[in-house]
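Presented below is the structure to which this report refers.
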Amino acid sequence: MRTSLSVLAHILTVAALAGCASSNKVSKPLPEAQVRSTQQAAPSVSEEPSLVAIQSKYILKDTTQAKVYLYVDAFKGKNPISPADFIRTYNLNYVIYSDYGTRERLGYGNVKLDSSNVTSTGNKIVISYDLKSPDREYGVLLSEISQVGTLKKVLNDLTIRFKKMDVNQTYGVYTTNSTLPLQRHYISSNESFTVKKLTGEEQPLHVYYYNHDFEPAGSPMNIANKGVGKSLEIDSSFTIQANQTLKFEKEGLYNIFADTTQSEGLGILVVNERFPKVTQPQLLLGPLLYMSTNNEINEIKKAEDYKKALDKYWLTLMNGNAPLAQQSIRSFYSRVEEANQLFTTYKEGWKTDKGMIYIVLGPPDKVQRSKDREVWSYDQRGNAQNVNFTFNRKNNQFVDDHYELVRYAEYQPIWYPVVEAWRNGSIR
C-alpha cells in the first residue's frame, strides 16, 4: 500500500465524495474519519450504487483473534442497497499497519463477501470478518471497500488494541432481535438487550449506575484551567449475568465490569425512546446554550410554560418571521439529532466537544486522524479560512473514544459570526 495513513483523511474525503455524487440528500459525517459531502446533487438521481460512509468496531475473542464489524451506509439511488446487491457489487480488502503515518504492515488480506458475513440492520449494511491478531499491543486496521469494475472505493481506519482484554474490548451489546453488536453507546429505556462475549461463556458482570446529568461542552474559546474535576458518585450497583436478557428502564449511565478491580468498563447510556431526536421542551433548551446568551437561557428557565418561552425565543430572534423561525428550528435540531447519533459516548452527543462543533459549524470538510488525535478542518467558517479544530483522545472509565477539544481564544472571530448566522436565520 503506497498511500501513507497520514493522508488517510484526504483519501477518505475524496472517496466519500465520489460515492455520494448520485445522492440528492445532504449527507452527514460519521465519528470515524469519514466525511460526507455537504453539497446538494443534481435533481436527477442516478441508480448507480454508492457508498456514503463507514463506521466500525471490533470485539476480541482472545489475544490471537478479533472480529471486525463494518457498518456501511450504502445506497442505490435514494434507496439502501440490499445485502445481495452489495455482495455482487463490492470487494473488501484490509491491511493492518503498526501505526498511523507508517508503512509497516502487520497483516493483510481480502474477505470473500457472501450471505454468511454480509447482512443488514435498519438501513445499514453490516460486514463482519475474523482478523488474526499480530503479536503487537496495538495496530491500525485499514479496511477498503471497492466497487467491482471501477476505481471507486471507501476506506475506514480502526484502532485495535490486540492485547487489551478489558470488558470494553471483549463484550458486545446486542438487542434481542439482532445477532449483531450495537455500534452505538446508547440504548432506549424500552429496549431489551444482552451483553455477551463472542465465546458465549456465561459469567456474572458488575454494574454501576450513575444518575448524573453531565455538563455540556464549554466554549471553544474558554482556555481557563478546569481545575480538579468533581468526583462522580455511584448511585447504585448490582450484578447481571452475561447472555441474560436485560432491560434498564431507568435513564442514566450504566458502567459494566467483568472485574471490579478494572478501571475501564463498558459504558451504556440509557435514553428515552425518542432519542436521538430531542422533542421534550425541557430537553430542547439544553443545546440552545451554544447560540444564546446567559440571560436568554435564564429567561426560558424561569418561564412556567417552556414551550411558549421557546417559541417566543425563536420568534424574537427572527423578528417575528414565523416561517423563518420554523425553518431555523428544524435546521438547528436536525444538527442536534445528528450529533446525538454520531457522538454520544457516556453523555449525549450534543453535549460533547465534537457535538458542539458539529452543531454550530456543521460537518468538517476534512478529517485527519492519528493514534490519539483527530483534526477537523473547515475550508471557510466565520471570518477565517482553513480553520482547524484538534480533539485529543482522553482516558475515560466509560468509553474508549472520548475526545476533548484543544481550546484557543483565537477562535472568537470564527465562532461568533457563525453563531450570529444561526441567530438571524441565515443557516438553513
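The values are calculated or read from the model by the stated rules, or taken from the named source; none is laboratory data. Keep in mind that this is a model prediction, so the values were computed, not measured. A quick note on method: Cβ atoms are made from the backbone with ideal geometry, for glycine too, and the neighbour counts reach across all protein chains shown. Surface areas here come from the heavy atoms of the whole protein model, side chains and all, with no ligands, DNA or RNA. Shrake-Rupley method; radii C 1.70, N 1.55, O 1.52, S 1.80 Å.
Report, by residue number, each residue of region 45-102 that is of a type in the set (S, T, N, Q) and touching a helix residue (DSSP H, G or I) at 6+ places or on another chain (Cβ under 6 Å). Answer for region 45-102, where residues must be of a type in the set (S, T, N, Q) and touching a helix residue (DSSP H, G or I) at 6+ places or on another chain (Cβ under 6 Å): just Ser50.
The residue list Thr179, Thr170, Thr175 contains one member that is open to solvent by less than 30 Å² (accessible area, probe 1.4 Å), of a type in the set (S, T, N, Q), modelled with pLDDT under 95 and within 23 Å of Gly267 (Cβ to Cβ), which is Thr175. When Ile240 is tested against the conditions (1) aliphatic (A, V, I, L, M); (2) over 25 Å from the mean Cα position of the chain (by Cα); (3) modelled with pLDDT under 95; (4) open to solvent by less than 90 Å² (accessible area, probe 1.4 Å), the lone failure is (3). Of all residues in region 143-164, those being of a type in the set (Gly, Ala, Ser), open to solvent by 10 Å² or more (accessible area, probe 1.4 Å) and touching a strand residue (DSSP E or B) at 6+ places or on another chain (Cβ under 7 Å) number 1. Of all residues in region 390-404, those satisfying the criterion of being modelled with pLDDT of 95 or more, in contact with a Leu (Cβ under 9 Å, 6 or more places away or on another chain) and surrounded by fewer than 17 Cβ atoms within 10 Å (Cβ to Cβ) are Thr390, Asn392.
Looking only at residues that are aromatic (Phe, Trp, Tyr) and not in a loop (DSSP other than H, G, I, E, B) in region 390-417, which one is nearest to the chain's Cα centre (by Cα)? If we take residues in region 390-417 being aromatic (Phe, Trp, Tyr) and not in a loop (DSSP other than H, G, I, E, B), then Tyr403 is nearest to the chain's Cα centre (by Cα). Residue count for region 116-142, restricted to those that are over 22 Å from the mean Cα position of the chain (by Cα), open to solvent by 60 Å² or more (accessible area, probe 1.4 Å) and of a type outside the set (Gly, Ala, Ser): 5. Given the residues Asn272, Asn225, Asn255, which is the only one that is modelled with pLDDT under 95 and either buried (at least 16 other Cβ atoms within 10 Å of the Cβ) or not basic (Lys, Arg) (or both)? Just one listed residue meets the conditions, Asn225. Note on region 199-264: enclosed strands (runs of 3 or more DSSP E) holding 2 or more residues that are within 30 Å of Tyr358 (Cβ to Cβ) are 204-210, 252-257. All conditions in (1) modelled with pLDDT under 90; (2) in a strand (DSSP E or B) hold for Val72, with the sole exception of (1). Residue count for region 107-131 under the criterion of being of a type outside the set (S, T, N, Q) and over 17 Å from Gln147 (Cβ atoms): the result is 10. If you go through region 188-198 and pick out every residue that is within 29 Å of Ile359 (Cβ to Cβ) and either part of a loop (DSSP other than H, G, I, E, B) or of a type in the set (Asp, Glu) (or both), you end up with 3. Restricted to helices (runs of 4 or more DSSP H) entirely inside region 289-389, those with at least 3 residues that are surrounded by fewer than 19 Cβ atoms within 10 Å (Cβ to Cβ) are 294-302, 306-317, 322-343. Taking each residue of region 156-179 that is more than 21 Å from Thr119 (Cα to Cα) and among the polar types (S, T, N, Q) and looking for partners that are open to solvent by 10 Å² or more (accessible area, probe 1.4 Å) and not in a loop (DSSP other than H, G, I, E, B) with beta-carbon atoms closer than 7 Å, six or more apart or interchain, yields Asn168/Leu266; Thr170/Lys197.
Can you tell me which residue in region 92-115 is farthest from Leu182 (Cα to Cα), limited to those that are assigned to a strand (DSSP E or B) and under 25 Å from the mean Cα position of the chain (by Cα)? Top of the filtered list is Tyr97. Is it true that some residue in region 318-328 is more than 13 Å from Arg428 (Cβ to Cβ) and either in contact (Cβ under 8 Å) with a residue 60 or more places away in the chain or among the aliphatic types (A, V, I, L, M) (or both)? Yes, the conditions are met somewhere in region 318-328.
Quick one: would you say Ser236 is in contact (Cβ under 8 Å) with a residue 40 or more places away in the chain and under 30 Å from Leu284 (Cα atoms)? Answer is no for this residue.
One residue stands out among those in region 54-68 that are open to solvent by 10 Å² or more (accessible area, probe 1.4 Å) and assigned to a strand (DSSP E or B): the one that is farthest from Asn93 (Cα to Cα), which is Asp62.
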